[in-house]
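The values are calculated or read from the model by the stated rules, or taken from the named source; none is laboratory data. Here the structure is a predicted model, which means the values were calculated and not measured. All Cβ positions, glycine included, derive from the backbone under ideal geometry; neighbour counts span all protein chains shown. Side chains included, ligands, DNA and RNA excluded: accessible areas come from the protein's heavy atoms. Shrake-Rupley method; radii C 1.70, N 1.55, O 1.52, S 1.80 Å.
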Amino acid sequence: MQIENYIDGKFVPPLHGSYLKNSNPAENTVIATIPNSTVDDVEMAVTSANNARVVWSAYTLEERIGWLRKIATALDSRKSEVAMLESVDTGKPIKLAERVDASRSVRNFNFFADHAENLTQLRYEMSDATNYVIRKPVGVVGLITPWNLPLYLLTWKIAPALVMGNTIVAKPSELTPMTANLLCEILASINFPRGVINIVHGLGNEVGQAIVEHPDVKAISFTGGTATGKIVAATAAPLFKKLSLELGGKNATIILDDADLSAAAKGAARAAFTNSGQVCLCGSRILVADKVYDEFVDLLVAEVKNMTVGNPKLANTDIGSVISQDHMEKVLSYIELAINENGRLLTGGEPLSLPEPNSTGAFMSPTLISEIAIDSRCATEEIFGPVATIHRFDSDKQAIEMANQTEYGLAGSVWTTDIPRGKALAEQIESGILWINTWLHRDLRTPFGGVKNSGLGREGGDWSLNFFSELTNICVKDD
Ligand code: NDP
């Protein structure tokens, strides 16, 4: 399959004719070629988005909401294709891709259609005047997304940007271009206004960088690693662009001594190993109260050993491959480092060779490591793979200190039967999102984002609509 860029409503080859290979990491096979685009392709996409800006921003809010619903309906009718492509592109289990990626991509459009429909105009009365706030589009916006939840994260940005009247130049990760391409096919099939959404495929340091640098791109919404986020921020800041950064995490799962240990073990395993640990919200540091440590660890190890690593196409597979051989090497190097730092392997720790067609795929067993210092590299750096470290604490105060002992601050979960105690603890953790007795339980209206090195700004509901609009206050003096 040869994928092309989608610019001005047409599939177009890259101007310089160069292509990259795209692989299925579970089978180690090339499945597509994608444009190795350059700054010239980005220029063409920005021109297209700029030309479409006047027309799209002149649509009424109701008309734009109507288009979001049309996209959602068309995407919904191809949900099984979305799941299949996402599974093939990332190596994630098809059942996970169906339940999470495909459904949420449709939901993102419906959610922002509903949310925009219910927007109320902000008004602030004074004793002698009335303020009212209007929303204007920002203009052309640049959307840059990673490979772990490809269409889910792309549509999470596209939907609010569209409904607020912006036009888009987006770059998906070059490792996972398939579903962005499917979305373009869908846009073409429903005669979506041309030039409003433009997708340019290619490498981050060329295409991503060109989008961030372009003077006509007025806002950048970026989800990806912290190191890349720093480059994006350094590029965008002097240009005074609006900037949203959703970056990495090293999240704590905290098991208090009064927790329902069986539910907590299930929750901690899910938090650590969903999508092979390749979710920014994954709980990769498991902090356990001394009093229940042995009992909890036995339950957790049993839970993890029960997970089936296998062919992503099979319905009983819990864990598929990681994103690439290179990434697996990186993850395995962290495990080696942990062992050298006196870590104890409780389960996993090795690459797996599965039967055909997965014999050379990037599979590894879910890994739990104990007896490693809370300030070691494995316990503080984002590994972004199926590896979690386990640590003991002897008081809630120590649990908080340990949870905060990282440069990241995205998410975390606390497991306890004493909700006031859980809340008191959660409120002292330096993170943007905390769950009590659950994990990744999302209401899309709530603020989503991190503190410290996990990012800048919030997405979700009003926060996304505010980011993708320029708020203008008009103050009318009474007679
Ligand atoms: P990267 O930071 O490597 O890449 C993210 C995107 O940025 C890719 O499309 C990449 O392109 C592009 N990019 C690379 N260099 C530049 C540049 N100089 N300018 C602009 N864009 C650039 O992240 P990964 O794809 O490896 O994704 C994993 C990371 O994403 C993890 O750290 C994870 O925690 C984080 N993440 C955060 C989430 C959150 O909401 N906080 C959610 C999901 C993931 P290319 O692929 O070609 O390199």
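Can you tell me which residues in region 452-465 are open to solvent by 30 Å² or more (accessible area, probe 1.4 Å) and touching a Gly at 6+ places or on another chain (Cβ under 9 Å)?
Correct list: LYS452, ASN453, LEU456, GLY457, ARG458, TRP463.
Please determine, by comparing only the residues of region 429-452 that are assigned to a loop (DSSP other than H, G, I, E, B) and within 10 Å of the ligand (Cβ to nearest atom), which one is nearest to THR416 (Cα to Cα).
The qualifying residue nearest to THR416 (Cα to Cα) is GLY432.
Is it the case that region 33-40 has a residue that's within 26 Å of the chain's Cα centre (by Cα) and either open to solvent by 70 Å² or more (accessible area, probe 1.4 Å) or within 22 Å of GLY320 (Cβ to Cβ) (or both)? Reasoning before the result, please.
Looking only at region 33-40, we keep the residues that are within 26 Å of the chain's Cα centre (by Cα), and these are 33-39.
Next, only the ones that are either open to solvent by 70 Å² or more (accessible area, probe 1.4 Å) or within 22 Å of GLY320 (Cβ to Cβ) (or both) stay: 34, 39.
Yes, region 33-40 contains at least one residue that is within 26 Å of the chain's Cα centre (by Cα) and either open to solvent by 70 Å² or more (accessible area, probe 1.4 Å) or within 22 Å of GLY320 (Cβ to Cβ) (or both).
May I ask you to verify whether ILE134 is at negative phi and buried (at least 16 other Cβ atoms within 10 Å of the Cβ)?
Working: at negative phi: yes; buried (at least 16 other Cβ atoms within 10 Å of the Cβ): no.
No, not satisfied.
Output yes when any residue across region 338-351 is out of contact with any strand residue (DSSP E or B) (no Cβ under 8 Å at 6 or more places or on another chain), surrounded by fewer than 17 Cβ atoms within 10 Å (Cβ to Cβ), without any contact (Cβ under 8 Å) to a residue 40 or more places away in the chain and on the phi > 0 side of the Ramachandran plot, and no when none is. Explain how you work it out, then say what you get.
Going through region 338-351, the residues out of contact with any strand residue (DSSP E or B) (no Cβ under 8 Å at 6 or more places or on another chain) turn out to be 340-342.
Applying the additional criterion that residues be surrounded by fewer than 17 Cβ atoms within 10 Å (Cβ to Cβ) yields 340-342.
So of that shortlist, the ones also without any contact (Cβ under 8 Å) to a residue 40 or more places away in the chain come out as 340-342.
If we keep only those that are on the phi > 0 side of the Ramachandran plot as well, we get 342.
Yes, because at least one residue in region 338-351 is out of contact with any strand residue (DSSP E or B) (no Cβ under 8 Å at 6 or more places or on another chain), surrounded by fewer than 17 Cβ atoms within 10 Å (Cβ to Cβ), without any contact (Cβ under 8 Å) to a residue 40 or more places away in the chain and on the phi > 0 side of the Ramachandran plot.
Here are some residues: ALA269, ALA315, ALA263. Which one is over 30 Å from SER80 (Cβ atoms) and hydrophobic (A, V, I, L, M, F, W, C)?
On inspection, the qualifying residue turns out to be ALA263.
Only one of VAL309, VAL297, VAL292, VAL301 is open to solvent by 10 Å² or more (accessible area, probe 1.4 Å), in contact with a Gly (Cβ under 8 Å, 6 or more places away or on another chain), more than 15 Å from the ligand (Cβ to nearest atom) and not acidic (Asp, Glu). Can you tell me which?
On inspection, the qualifying residue turns out to be VAL309.
Filter region 397-428 down to the residues that are surrounded by 21 or more Cβ atoms within 10 Å (Cβ to Cβ), in a loop (DSSP other than H, G, I, E, B) and of a type outside the set (S, T, N, Q) and list them by number.
Correct list: LEU410 only.
Picking from VAL82, VAL46, which residue would you name as being open to solvent by less than 30 Å² (accessible area, probe 1.4 Å) and out of contact with any helix residue (DSSP H, G or I) (no Cβ under 7 Å at 6 or more places or on another chain)?
VAL46
ILE474 is checked against (1) farther than 30 Å from LEU243 by Cβ; (2) assigned to a strand (DSSP E or B); (3) not basic (Lys, Arg) and fails just one. What number does that condition carry?
That leaves (1) as the condition not met.
Within region 395-437, which residues are of a type in the set (Gly, Ala, Ser) and farther than 14 Å from ALA259 by Cβ?
Those that are of a type in the set (Gly, Ala, Ser) and farther than 14 Å from ALA259 by Cβ: SER395, ALA403, GLY409, ALA411, GLY412, ALA424, SER431, GLY432.
Take region 466-479 and flag every residue that is buried (at least 20 other Cβ atoms within 10 Å of the Cβ) and more than 15 Å from the ligand (Cβ to nearest atom).
PHE468, SER469 - these are the residues of region 466-479 that are buried (at least 20 other Cβ atoms within 10 Å of the Cβ) and more than 15 Å from the ligand (Cβ to nearest atom).
Within region 232-253, how many residues are part of a loop (DSSP other than H, G, I, E, B), under 20 Å from ALA161 (Cα atoms) and in contact with a Ser or Thr (Cβ under 8 Å, 6 or more places away or on another chain)? Before the answer, list the steps.
Taking region 232-253 first, the residues part of a loop (DSSP other than H, G, I, E, B) are 240-241, 247-251.
Next cut, under 20 Å from ALA161 (Cα atoms) only: 240-241, 247.
Next, only the ones that are in contact with a Ser or Thr (Cβ under 8 Å, 6 or more places away or on another chain) stay: 247.
Residues meeting the conditions: 1.
Do you know which residues across region 392-412 are within 16 Å of the ligand (Cβ to nearest atom) and of a type outside the set (Val, Ile, Thr)?
Matches in region 392-412: GLU407, TYR408, GLY409, LEU410, ALA411, GLY412.
How many of the residues making up region 363-374 are farther than 11 Å from VAL309 by Cα and in contact with a Pro (Cβ under 9 Å, 6 or more places away or on another chain)?
1
Which one is farthest from the ligand (Cβ to nearest atom) among residues in region 229-272 that are under 15 Å from ASN205 (Cα atoms) and open to solvent by less than 20 Å² (accessible area, probe 1.4 Å)?
Looking at residues that are under 15 Å from ASN205 (Cα atoms) and open to solvent by less than 20 Å² (accessible area, probe 1.4 Å), I get ALA236.
Among the residues of region 194-214, write down those that are surrounded by fewer than 22 Cβ atoms within 10 Å (Cβ to Cβ), within 8 Å of the ligand (Cβ to nearest atom) and in a loop (DSSP other than H, G, I, E, B).
LEU203, the sole residue that qualifies.
Just to check your reading of the model, which residue among ASN110, ASN148, ASN191 is open to solvent by 40 Å² or more (accessible area, probe 1.4 Å) and in a loop (DSSP other than H, G, I, E, B)?
ASN191
Taking the criterion of being in contact with a Lys or Arg (Cβ under 9 Å, 6 or more places away or on another chain) and within 16 Å of the ligand (Cβ to nearest atom), would at least one residue in region 119-141 satisfy it?
yes
Looking at region 215-228, which of its residues are away from the ligand (no atom under 11 Å from the Cβ) and open to solvent by 10 Å² or more (accessible area, probe 1.4 Å)?
Those that are away from the ligand (no atom under 11 Å from the Cβ) and open to solvent by 10 Å² or more (accessible area, probe 1.4 Å): PRO215, ASP216, LYS218.
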